[in-house]
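Chemist: Take a look at the following structure, please.
Just so it is clear, none of the values below were taken in a lab; they were calculated from the coordinates. Because the structure is a prediction, the values reported are computed rather than measured. Here the Cβ positions follow ideal geometry from the backbone for every residue, glycine too, while neighbour counts run over all protein chains shown.
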Amino acid sequence: MIRLDPATASPAAPPTVPAWALAGGGSATDADAAFQAGAALASLDPLARAQPGWSGAWSQRLALKCAAASMRLAGRAEDEAGLRDAWQLCPAGADPGPAGAIFGAWRQLALQPPAVSADRLAKGAELLGLAWDDEALADLCTQIEKLAGSQRPAPFVAATIAARVVAARPDAELFAWWLADLVLAQALHWPRPLPLLMAQAFGPAFRTGVGGRRIRPGEKDFERAVCVALVQAAAEACRLAAELSRRAEKLLAVAPKLRAKGAGDVIFLLLNEDAVAGSLTTKNLSRFATRRLFERLQQLEAVRELSGRTSFRLFGL
């Protein structure tokens, strides 16, 4: 019999960002952009705090989107499918390669509370392919502490720390975006950071007019651009949450039909991960039993196959 935590279900529909906030993407003033960002984050805030049973899959899917955008900044070609493979094909404890490590940095960001320490920043920078000396990291922690005590609105705190990182290390823009999401969550008192801003870094919020150049951290209008980007990021996060909530509800609805011993463990992983390997083995499931379980879940339309392959298949909500 499959036993699942009732808290895994989330009967309330996920929130949405108000249409009037989205309609102001080309806000005429900085004050308008800040007000709309506040409305968007207010919509996202209850969901970030509630952490429904499928929030793990949600945050990891957001991490994947930010990692995919990171590839462009890092001069790499991997898309979401390539990043999934880099992570899932890597044996436990082995080096996932540069792309897999960057994906790992975004995954790690979403898994831990938004506490700041030199060790955590060093690990994040290392996964993003950057070397950072201990003294500079300690100074960065001090700057974050001062910003946390400044009582400035969260979007401006995130923009400020990103600008300071790039000012100190122009080659560290990827780390600046990673840290911006960490500091944003800290300022909003969220239990876990949500990877949001990197996915918008090449979008219209950071363009100077139609087809214009990209606004980098610290440049003119960057704070305003962060506010505009957060409106879009919050809206996309809410839409993804609504989609995953529906899929999780369907997965939980078919759970009583599953007879495989250990099926509950697989459902738990599906609710907490972006993707689960079809070759997964557990103490209760052999590789053959897992394959049959996923075939059954596909028949019930409770999971999606994400790789498009016939071998080493990946499944998720």
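Chemist: Apply the Karplus curve 6.51 cos²θ - 1.76 cosθ + 1.60, θ = phi - 60°, to the phi angles in the range 112-122 and return the couplings in whole Hz, x for Gly and Pro.
Modeler: 10, x, x, 6, 10, 8, 4, 5, 5, 5, 5
Chemist: Non-local amide H neighbours of Arg207 (under 5 Å, H modeled in plane, Pro and chain starts lacking H): which ones?
Modeler: Ile215
Chemist: Report the one residue of Trp87, Phe103, Ala172 whose Cα lies farthest in the direction of the positive end of the charge dipole of the chain (charges on C-beta: Lys and Arg +1, Asp and Glu -1; origin at the Cα centre).
Modeler: My answer, from the dipole projection, is Trp87.
Chemist: Take peptides 59-67, 284-292, 200-208 and line them up by average Cβ neighbours within 10 Å, highest first, as a rough protection proxy.
Modeler: Values: 59-67: 25.2, 284-292: 15.3, 200-208: 18.1.
Highest mean packing first, the order is 59-67, 200-208, 284-292.
Chemist: Okay, moving on. When ranked by the protection proxy of mean other Cβ atoms within 10 Å per residue, highest first, what sequence do the peptides 168-181, 257-270 form?
Modeler: On the way: 168-181: 21.4, 257-270: 18.4.
The densest-packed peptide leads the list: 168-181, 257-270.
Chemist: Using a simple spin-label model with points 7 Å from Cα along the Cα→Cβ vector, what separation in nm is obtained for Glu126 and Arg169?
Modeler: 1.3
Chemist: Also, I was wondering about something else. With a ≥ b ≥ c the root eigenvalues of the C-alpha gyration tensor of the range 258-316, is it rounded (a/c under 1.5), prolate (a/b larger than b/c) or oblate? Walk me through the numbers on the way to the answer.
Modeler: Numbers: a/c = 1.36, a/b = 1.29, b/c = 1.06.
Cα axes put the range 258-316 in the rounded bin.
Chemist: Also: Given R₀ = 30 Å, what would the calculated FRET efficiency be for Asp221 paired with Ala19, taking r from the Cβ atoms and rounding to 0.05? Write down the numbers at each step before the final one.
Modeler: On the way: r = 25 Å, r/R0 = 0.82.
Computed FRET efficiency for Asp221 and Ala19: 0.75.
Chemist: To the nearest 20 debye, what is the magnitude of the charge dipole of the chain about its Cα centre, counting +1 on the Cβ of each Lys and Arg and -1 on the Cβ of each Asp and Glu? Walk me through the numbers on the way to the answer.
Modeler: On the way: 36 positive and 31 negative charges, 254 e Å.
For the chain, the charge dipole is close to 1220 debye.
Chemist: I've got another one for you. Please give the helix 134-148 orientation as an angle from the longest Cα principal axis of the chain, in degrees from 0 to 90, rounded to the nearest 10.
Modeler: In the chain, helix 134-148 runs at an angle near 80 degrees to the longest axis.
Chemist: I would also like to ask the following. Compute the relative contact order of the range 26-243 as a whole-number percentage, counting only Cα pairs closer than 8 Å that sit 6 or more residues apart in sequence.
Modeler: Values: 289 pairs, mean separation 61.5, N = 218.
RCO, the range 26-243: 28 percent.
Chemist: Here's something else I'd like to know. Please give the length that would be gained between Arg246 and Asp45 if that part of the chain were fully extended, namely 0.36 nm times their separation in residues minus their C-alpha to C-alpha distance (nm, one decimal). List each step's numbers first, then the result.
Modeler: Numbers: separation 201, 0.36 × 201 = 72.36 nm, distance 1.97 nm.
Fully extending the segment from Arg246 to Asp45 adds 70.4 nm.
Chemist: Which whole-Hz ³J(HN,Hα) couplings does the range 35-49 yield from phi under the Karplus relation 6.51 cos²θ - 1.76 cosθ + 1.60, θ = phi - 60°, glycine and proline marked x?
Modeler: Going residue by residue, I get 5, 5, 5, x, 5, 5, 5, 5, 5, 6, 4, x, 5, 5, 7 Hz, with x marking Gly and Pro.
Chemist: Please label the shape of the range 197-277 as rounded, prolate or oblate, based on the square roots a ≥ b ≥ c of the eigenvalues of the alpha-carbon gyration tensor (a/c under 1.5 means rounded; beyond that, a/b larger than b/c means prolate, else oblate). Walk me through the numbers on the way to the answer.
Modeler: Values: a/c = 4.70, a/b = 3.46, b/c = 1.36.
It is prolate, given that a/c is not under 1.5 and a/b is the larger ratio.
Chemist: If you don't mind, another one. Grab the Cα-Cα distance for Arg76 and Arg259, subtract it from 0.36 nm times how many residues apart they are, and report the gain in nm with one decimal.
Modeler: Values: separation 183, 0.36 × 183 = 65.88 nm, distance 4.35 nm.
Roughly 61.5 nm would be gained on extension.
Chemist: If you don't mind, there's one more thing I want to ask. Which residues in the range 210-253 place their backbone N less than 13 Å from a point set 7 Å from the Cα of Asp32 along the Cα-to-Cβ direction?
Modeler: Residues 228 fall inside that zone.
Chemist: So, one more: Where in the range 144-160 is the amide nitrogen less than 20 Å from a point lying 7 Å along the Cα-to-Cβ axis of Ala115?
Modeler: 144-149
Chemist: When ranked by the protection proxy of mean other Cβ atoms within 10 Å per residue, highest first, what sequence do the peptides 114-125, 45-56 form?
Modeler: Details: 114-125: 16.6, 45-56: 18.5.
Final packing ranking: 45-56, 114-125.
Chemist: So which GluC sites (Glu not before Pro) in the range 224-317 end up in coil per DSSP with only 11 or fewer other C-beta atoms within 10 Å? Please report the intermediate quantities before stating the final value.
Modeler: Values: sites: Glu236, Glu243, Glu249, Glu273, Glu295, Glu301, Glu305; in loops: Glu273, Glu301.
Here the sparse-neighbourhood loop sites are Glu301.
Chemist: If neighbour count is taken as other Cβ atoms inside 10 Å, put Trp132, Trp106 in order from fewest to most.
Modeler: Values: Trp132 20, Trp106 31.
Ordered from fewest to most neighbouring Cβ atoms within 10 Å, Trp132, Trp106 come out as Trp132, Trp106.
Chemist: Taking the Cβ of each residue in Ile161, Ile144 as the centre, tally the other Cβ atoms inside 10 Å and list the residues starting with the fewest. Please report the intermediate quantities before stating the final value.
Modeler: Working: Ile161 24, Ile144 21.
Taking fewest neighbouring Cβ atoms as first place, the list is Ile144, Ile161.
Chemist: Shape verdict for the range 52-100, please, from the Cα gyration tensor: rounded (a/c under 1.5), prolate (a/b greater than b/c) or oblate. Please list the in-between numbers first.
Modeler: Values: a/c = 2.58, a/b = 1.24, b/c = 2.08.
Judged from the Cα gyration tensor, the range 52-100 comes out oblate (a/c at least 1.5, b/c at or above a/b).
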